[in-house]
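Below is one structure, written out as structure tokens; comments come after it.
The values are calculated or read from the model by the stated rules, or taken from the named source; none is laboratory data. What you see is a predicted model; the values in this text were computed from it and never measured. We place every Cβ from the backbone using ideal geometry, glycine too, and count neighbours over all the protein chains shown. Just the protein is used for accessible areas: all its heavy atoms, side chains included, with ligands, DNA and RNA removed. Shrake-Rupley method; radii C 1.70, N 1.55, O 1.52, S 1.80 Å.
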Amino acid sequence: MSKKQFKAESKRLLDLMINSIYTNKEIFLRELISNASDAIDKVYFRSLTEDKLKDIKQSDLQINIIRDKDNRTLTIKDNGIGMNEEELEKNLGTIAQSGTLKFKEEMTGVDDKQNDQDQTSLIGQFGVGFYSCFMVADRVTVISKSVDNDKAYKWESSGADGYSIEEASKENRGTEIILHLKEDSEDEKYSKYLEQYTIESLIKKYSDYIRYPIKMDCERSVPKEKKDKDEKTEYETIVEEKTLNSMIPIWKKAKKDVTDEEYKNFYMQKFFDFEEPLKWIHTKVEGQYSYTTLLYIPSHVPYDYFGKDFKKGLALYSNGVMIMEHCEDLLPDYLGFVKGLVDSEDLSLNISREILQQDKQLRVIAKNIESKIRSELESMLQNDRVAYEKLFKAFGMPLKIGAYDGYGMNKDKLKDLLLFHSSYENENKSDYTTIKEYVSRMKDDQKEIYYASSETIDKIKMMPQVENVLDKGFEVLYLDESVDEFVLQIMENYDGKKFVNVSANNIDLDTEEEKKELQKSNEENKDMFAFMKESLGEATIKDVRFTHRLKNHPVCLSSEGVVSVEMQKVLNAMPDQGNRDIKAETVLEINEKHPIAEKLKALYKDDKKDELKKYTKVLLDTAKLIEGLPIDNPTELSNLICDLIIK
Ligand code: ADP
């Protein structure tokens, strides 16, 4: 019989397991039980539809744990689907799937030996799967018989030197994993895994909800039968098979019977997260449709969240049996980050995906879930601001996109859940605000909600237009994400208060008198502005004019119409825009109170047209730079500036 080598990455994970210094070695049992339970699920499913498997009775499905102290072996046996030769090879010779794969991905990039410690700290936070048994065993034998095959096979490995597969004999379908436990050492007494108490408590801790009975021979002390009733009671130890797990899934228990620890543990195991969830929502609904939901909000963005393979959705159960892992229809896109499950007794077990989509009950459940999560988020925002801000940092983007998508059809549902940065700092020293809070702080004479938009908060704070609005005592929302301005535009207003970009032309900050004054001076200088506009070339900008919106700064670009300068940048950066060049209608605004205004007027008056042309060009380019827009000819700008310096 020849030895086969593990695939490279499997070998690496295996080495890690064998040499593990990880203290939580006990999780191996949870992993093996979970595999056994999956294998039973698979055979049970098939028995529902396949004639040749129709004799399989649900009540016979079980997992057995066999402790053999003499041989130092611990066996986990199931009567699930089993594996044939190729499956043993494929599944146990390579890092296969789900948990294990995630673990592997998390490890990549971590350098080999030196960071073993980091790597081991990850073990058990993921489902590391089958290989975890090498943490406690120095030899592992797997005997398996597939439900589709008459032959059984034995897979065996002592770890690093590879594995072997040969034919074996096994009467019934299923898999037996025999762990030859490592010798006890100073640090670790592996023989504890042969003790009844250890196994009982590990099953309670990690696998209590497994739906199939996990059975084990257990000792029990019972009073001996008395010959004479005055005789002293004597006890004897009997051995009997006992089911170690309650088989009640955590979500089917009453809330008061589930500890926080259990909720968290369940989440981390079930959804392969290494961090605790931020929040969970456990509800039982009785009525027209009865169902239970257990929903979790992760505390961080899953690594694959923005990837195309990310699957949103909740697991769907019919009375404790999973019928679908990711039922997309149960969650709106904007809540795609929520994990969890729905269990309903009213759903049929072998319902197909297509029928499910039209299922009225499912739609009602989905609607209820949506509003339940929203109201939980609202109360979190009210009562635990710090946690909500953490959530929003992670998942604010989908919520904002949700408000914008579908021409804003969900905007009213979401408007109070959105946070924006702002010039106001709340008591948590955070600059996140809701629009409602902004409105509540608005000054009596403030008619509009002001916002400024750029790539970063720092850049926004440096914008000349912002300074002036702040100076007048108004609060400004700082929009630093590309979707932000689109969201506000689709919302148009909040409680009748319009959203206005501080860079937009329609911002209305001046008193009537100031407005008149500005109008007058723009009128007086209109020929100069016409010349300046023309000197920049056809259609470069819409207008040139004086402004009061700048406090100390000389120039800025403002926009007219719906597309702002920032939106222009975002739209043109989108991949599917083709050659379409979306342009904001921009106006070059010059601070009337800045000395540059006098200079320009003087040049025009003295008919120094060439110089005025140069100045105009420099002003436009610098205004563009401030806005983060590209300039057409940087070399020309550099030369112009030098000319002006030398003079
Ligand atoms: P994962 O469970 O994350 O897929 P594992 O390394 O634990 O990864 O297992 C690899 C594969 O081996 C499983 O996906 C399954 O196909 C198979 N397997 C493991 N244990 C059993 C078992 N007891 N019965 C049948 N198949 C099993």
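Is one or more of the residues making up the stretch 164-173 open to solvent by less than 40 Å² (accessible area, probe 1.4 Å), of a type in the set (Lys, Arg) and away from the ligand (no atom under 16 Å from the Cβ)? Working first, answer last.
Applying the first criterion (open to solvent by less than 40 Å² (accessible area, probe 1.4 Å)) to the stretch 164-173 yields 164-165, 168, 170.
Now drop any that are not of a type in the set (Lys, Arg), which leaves 170.
Then drop every residue that is not away from the ligand (no atom under 16 Å from the Cβ), which leaves none.
Taking every residue of the stretch 164-173 in turn, none turns out to be open to solvent by less than 40 Å² (accessible area, probe 1.4 Å), of a type in the set (Lys, Arg) and away from the ligand (no atom under 16 Å from the Cβ).
For Glu241, all conditions in the list (1) in a loop (DSSP other than H, G, I, E, B); (2) open to solvent by 80 Å² or more (accessible area, probe 1.4 Å); (3) of a type in the set (D, E, K, R) hold save one; what is the number of the exception?
The number of the failed condition is (1).
Please find, within the stretch 444-469, the residue that is farthest from Val502 (Cα to Cα) out of those that are of a type in the set (D, E, K, R) and open to solvent by 80 Å² or more (accessible area, probe 1.4 Å). Write out each step before concluding.
Step one: filter the stretch 444-469 for residues of a type in the set (D, E, K, R), giving 444-445, 447-448, 455, 458-459, 461, 467.
Next cut, open to solvent by 80 Å² or more (accessible area, probe 1.4 Å) only: 444-445, 447, 458-459, 461.
Details: Asp444: 19, Asp445: 17, Lys447: 13, Asp458: 16, Lys459: 14, Lys461: 12 Å.
Filtering the stretch 444-469 for residues that are of a type in the set (D, E, K, R) and open to solvent by 80 Å² or more (accessible area, probe 1.4 Å), the one farthest from Val502 (Cα to Cα) comes out as Asp444.
How about the stretch 402-469: which helices (runs of 4 or more DSSP H) wholly inside it have at least 3 residues that are touching a strand residue (DSSP E or B) at 6+ places or on another chain (Cβ under 8 Å)?
Working: elements: 411-414, 435-440, 457-462.
By residue number, 435-440, 457-462.
Based on this model, can you work out whether Thr73 counts as modelled with pLDDT of 55 or more and open to solvent by less than 70 Å² (accessible area, probe 1.4 Å)? Break it down into steps so the answer makes sense when it comes.
On the way: modelled with pLDDT of 55 or more: yes; open to solvent by less than 70 Å² (accessible area, probe 1.4 Å): yes.
Yes: the conditions hold for Thr73.
May I ask you to list the residues in the stretch 133-155 that are outside any loop (DSSP other than H, G, I, E, B) and away from the ligand (no atom under 15 Å from the Cβ)? It would help to see each step written out before you state the result.
Of all residues in the stretch 133-155, those outside any loop (DSSP other than H, G, I, E, B) come to 133-135, 137-145, 152-155.
Asp138, Arg139, listed by residue number.
Going residue by residue through the stretch 172-181, is there one that turns out to be modelled with pLDDT under 95 and more than 30 Å from Phe45 (Cβ to Cβ)?
No, there is no match, as no residue in the stretch 172-181 is modelled with pLDDT under 95 and more than 30 Å from Phe45 (Cβ to Cβ).
Restricting to the stretch 206-233, count the residues that are open to solvent by 80 Å² or more (accessible area, probe 1.4 Å) and within 49 Å of the chain's Cα centre (by Cα).
Result for the stretch 206-233: 3.
For the stretch 626-647: of the residues being under 23 Å from Thr456 (Cβ atoms) and surrounded by fewer than 14 Cβ atoms within 10 Å (Cβ to Cβ), which is nearest to the chain's Cα centre (by Cα)? Spell out the reasoning first.
First, the residues of the stretch 626-647 that are under 23 Å from Thr456 (Cβ atoms): 626-631, 634.
Within this subset, residues satisfying the condition of being surrounded by fewer than 14 Cβ atoms within 10 Å (Cβ to Cβ) are 630, 634.
Numbers: Pro630: 35, Pro634: 42 Å.
Filtering first and then ranking leaves Pro630.
From (1) under 22 Å from Glu485 (Cα atoms); (2) open to solvent by 10 Å² or more (accessible area, probe 1.4 Å), pick out the condition that doesn't hold for Ala387.
Ala387 satisfies every listed condition except (1).
Please go through the stretch 606-647 and give me each residue that is free of Cβ contacts under 8 Å to residues at least 60 places away in the same chain, in contact with a helix residue (DSSP H, G or I) (Cβ under 8 Å, 6 or more places away or on another chain) and of a type in the set (Ser, Thr, Tyr), ordered by number.
The answer is Tyr615, and nothing else.
So which residues in the stretch 25-74 are within 13 Å of the ligand (Cβ to nearest atom) and of a type in the set (Asp, Glu), if there are any at all?
Answer for the stretch 25-74, where residues must be within 13 Å of the ligand (Cβ to nearest atom) and of a type in the set (Asp, Glu): Glu31, Asp38, Asp41.
Of Lys145, Lys182, Lys154, which residue is free of Cβ contacts under 8 Å to residues at least 40 places away in the same chain and in contact with a strand residue (DSSP E or B) (Cβ under 9 Å, 6 or more places away or on another chain)? Give the derivation first.
Details: Lys145 fails: free of Cβ contacts under 8 Å to residues at least 40 places away in the same chain; Lys182 fails: free of Cβ contacts under 8 Å to residues at least 40 places away in the same chain.
Selected residue: Lys154, the only one of Lys145, Lys182, Lys154 that is free of Cβ contacts under 8 Å to residues at least 40 places away in the same chain and in contact with a strand residue (DSSP E or B) (Cβ under 9 Å, 6 or more places away or on another chain).
Can you name the helices (runs of 4 or more DSSP H) wholly within the stretch 504-605 that have at least 3 residues being over 21 Å from Thr616 (Cβ atoms), open to solvent by 80 Å² or more (accessible area, probe 1.4 Å) and without any contact (Cβ under 8 Å) to a residue 60 or more places away in the chain?
Working: elements: 512-524, 526-535, 565-573, 595-605.
So the answer is 512-524.
Going through the stretch 391-419 one residue at a time, which ones are basic (Lys, Arg) and exposed (fewer than 15 other Cβ atoms within 10 Å of the Cβ)? Working first, answer last.
Here is the first cut: in the stretch 391-419, the residues basic (Lys, Arg) are 393, 400, 411, 413, 415.
Answer for the stretch 391-419, where residues must be basic (Lys, Arg) and exposed (fewer than 15 other Cβ atoms within 10 Å of the Cβ): just Lys393.
Conditions tested, residue by residue: (1) among the polar types (S, T, N, Q); (2) open to solvent by 40 Å² or more (accessible area, probe 1.4 Å); (3) part of a helix (DSSP H, G or I).
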| residue | (1), (2), (3) |
| --- | --- |
| Trp251 | no, no, yes |
| Tyr263 | no, no, yes |
| Gln269 | yes, no, yes |
| Trp280 | no, yes, no |
| Leu295 | no, no, no |
| Ala315 | no, no, no |
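Out of curiosity, is Glu611 touching a strand residue (DSSP E or B) at 6+ places or on another chain (Cβ under 9 Å), modelled with pLDDT under 95 and in a helix (DSSP H, G or I)? Step through it out loud before you land on a result.
Values: touching a strand residue (DSSP E or B) at 6+ places or on another chain (Cβ under 9 Å): no; modelled with pLDDT under 95: yes; in a helix (DSSP H, G or I): yes.
Spelling it out, it is not the case that Glu611 is touching a strand residue (DSSP E or B) at 6+ places or on another chain (Cβ under 9 Å), modelled with pLDDT under 95 and in a helix (DSSP H, G or I).
Would you be able to say whether some residue in the stretch 324-335 is aliphatic (A, V, I, L, M) and either open to solvent by 60 Å² or more (accessible area, probe 1.4 Å) or at pLDDT below 85 (or both)?
Initial filter on the stretch 324-335 (aliphatic (A, V, I, L, M)): 324, 330-331, 335.
When the remaining residues are screened for being either open to solvent by 60 Å² or more (accessible area, probe 1.4 Å) or at pLDDT below 85 (or both), the result is 324.
Yes, that holds for at least one residue.
Checking Glu236 against (1) assigned to a loop (DSSP other than H, G, I, E, B); (2) among the acidic types (Asp, Glu); (3) open to solvent by 20 Å² or more (accessible area, probe 1.4 Å), which test does it fail?
(1)
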